[in-house]
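Engineer: First the structure, then my questions, so here it is.
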Amino acid sequence: MDYTYLDTDKKIEEAVSHFETLDRIAVDFECEFNLHIYGEHLCLIQIFDGVSFYLIDPRASGVTRNGLSLFFSSSVKKLWFDCQSDASLVFKVYGLCIESVFDVRVLAEILGFHGNLHALESEYLHIDSSVNKKKNQQANWLKRPIPESQIEYALEDVAHLMELEDVLVPIVHERKLDKNAESAMRKATSPKKPLPGWTRIGGWKRLTKEEKIYAKNIFIARDKIAKRFNVPAARVMNKHLITELAKERPSSEGRLREKLQNESERFLSFLIPAVWNAMEISRKESD
């Protein structure tokens with residue numbers, strides 16, 4: 001696929017001037033979520049204007065927050081599929097909101113469809129992608145240059161969003177679901193403050209108030225070590241151990257060492273005292 005590579009604020013500005021002459025563009029992201037290094041990172045923005053493809057490289061030295069802000073705040077309607085996690089990342093990393101979003105997934109769900117984008121394309125457009133989705137989801141989008149196979153995968157995610165809107169909107173209207181769609185769209189595209197990472201660990205809602213104190217402090221302790229070594233937090237300690245330790249609360253460092261004995265030797269000498277200290281802090285906060 002041919003595309004225009006936008007690796008400076010100036011190029012983004014010129015592209016935005018073009019986009020704002022259009023009725024809509026299709027947009028998607030490729031991101032890093034604690035898979036290869038520490039933290040969450042916006043790696044690529046892929047765009048289709050109905051004729052041509054574009055790639056904004058947020059990691060290019062010539063792209064700054066100002067250039068990204070110019071794109072995100074542009075008035076052109078931005079077709080997306082499931083914008084919430086992408087919008088949350090942009091707010092968390094850059095403190096920016098994405099304006100004028102139209103989430104195609106909202107229309108699909110209003111019509112009772114709850115699959116992924118490729119399944120939606122297959123269902124309504126009879127398009128079946130040949131790209132290895134799982135392989136590219138696990139790919140390292142931080143590396144430069146980006147392999148052409150990954151770029152092809154990224155661009156496919158925006159290639160048919162306009163067709164989907166054109167097919168789904170009339171069906172929603174025919175079934176008299178317009179008001180439902182409008183309400184759901186407002187909810188899906190409204191800016192939301194990202195939740196703290198510890199509230200997203202498995203079983204968080206089922207923990208007691210005291211257990212949540214422990215889980216939060218253990219999560220923070222693990223996170224600090226991961227940040228120090230710039231590695232995904234899961235490499236420091238299995239996330240399931242957070243809730244286990246919060247519930248069991250080992251009574252000694254020796255017992256804690258037993259619980260952590262299968263974790264990476266590289267981090268164990270840092271992890272044991274850090275988690276033990278987190279539990280001490282939690283005991284005081286629980287009193």
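Every read-out reported here was derived from the displayed coordinates using simple, explicitly stated rules and does not represent laboratory data. Note that the coordinates shown come from a computational prediction; the quantities given were computed from them, not determined experimentally. Cβ sites come from the backbone with ideal geometry, for glycine too, and all protein chains shown count toward neighbours.
Engineer: Quote the charge dipole size of the stretch 176-287 about the Cα centre in Debye, to the nearest 20; the model charges only the Cβ of Lys and Arg (+1) and of Asp and Glu (-1). Write down the numbers at each step before the final one.
Structural biologist: Values: 26 positive and 14 negative charges, 120 e Å.
It works out to roughly 580 debye.
Engineer: Report, in debye and to the nearest 20, how large the dipole of the chain comes out about its Cα centre when Lys and Arg carry +1 and Asp and Glu carry -1 on their Cβ. Provide the component values of the computation, followed by the final result.
Structural biologist: Numbers: 41 positive and 43 negative charges, 386 e Å.
Computed charge dipole of the chain: roughly 1860 debye.
Engineer: Also, I was wondering about something else. For the stretch 52-207, just say rounded, prolate or oblate: build the C-alpha gyration tensor, square-root its eigenvalues into a ≥ b ≥ c, call rounded for a/c under 1.5, and beyond that prolate if a/b exceeds b/c, oblate if not. Mind dumping the intermediate values first?
Structural biologist: Numbers: a/c = 1.39, a/b = 1.18, b/c = 1.18.
Since a/c stays below 1.5, the shape of the stretch 52-207 is classed as rounded.
Engineer: In the stretch 87-116, what chymotrypsin sites (Phe, Trp or Tyr not before Pro) fall in a loop by DSSP, with at most 16 other Cβ atoms inside 10 Å? All intermediate terms of the calculation are to be shown ahead of the outcome.
Structural biologist: Working: sites: Phe91, Tyr94, Phe102, Phe113; in loops: Phe113.
Answer by residue number: Phe113.
Engineer: For the chain, what mean projected area does the convex hull of the alpha carbons give, in nm²? Walk me through the numbers before you get to the answer.
Structural biologist: Details: hull surface 69.8 nm².
So the Cα hull casts an average projection of 17.4 nm².
Engineer: Under the rule of at least 5 residues apart or a separate chain, name every residue whose amide H is placed under 5 Å from the amide H of Asp28.
Structural biologist: Amide H to amide H, under 5 Å and 5 or more residues apart or across chains, Asp28 pairs with Gln46.
Engineer: Place +1 on the Cβ of every Lys and Arg and -1 on the Cβ of every Asp and Glu in the stretch 72-160, take the dipole about the Cα centre, and give the residue among Ile98, Leu117, Asn140 whose Cα lies farthest towards its positive end.
Structural biologist: Going by the charge dipole, the pick is Asn140.
Engineer: Return the long-range amide H neighbours of Phe53 (sequence gap of 5 or more, or a different chain), with a cut-off of under 5 Å between placed amide H atoms.
Structural biologist: Thr4
Engineer: Rg (Å, one decimal) plus Dmax (Å, integer) for the alpha carbons of the stretch 1-94?
Structural biologist: Here Rg and the maximum Cα pair distance are 12.8, 39 Å.
Engineer: Roughly how far apart, in whole Å, are the Cα centres of the stretch 45-124 and the stretch 133-170?
Structural biologist: Each part's Cα centre sits 11 Å from the other's.
Engineer: Looking at Val27, Gly50, Asn217, which one has the Cα that reaches farthest to the positive end of the dipole of the chain (charges on Cβ: Lys, Arg +1; Asp, Glu -1)?
Structural biologist: Asn217
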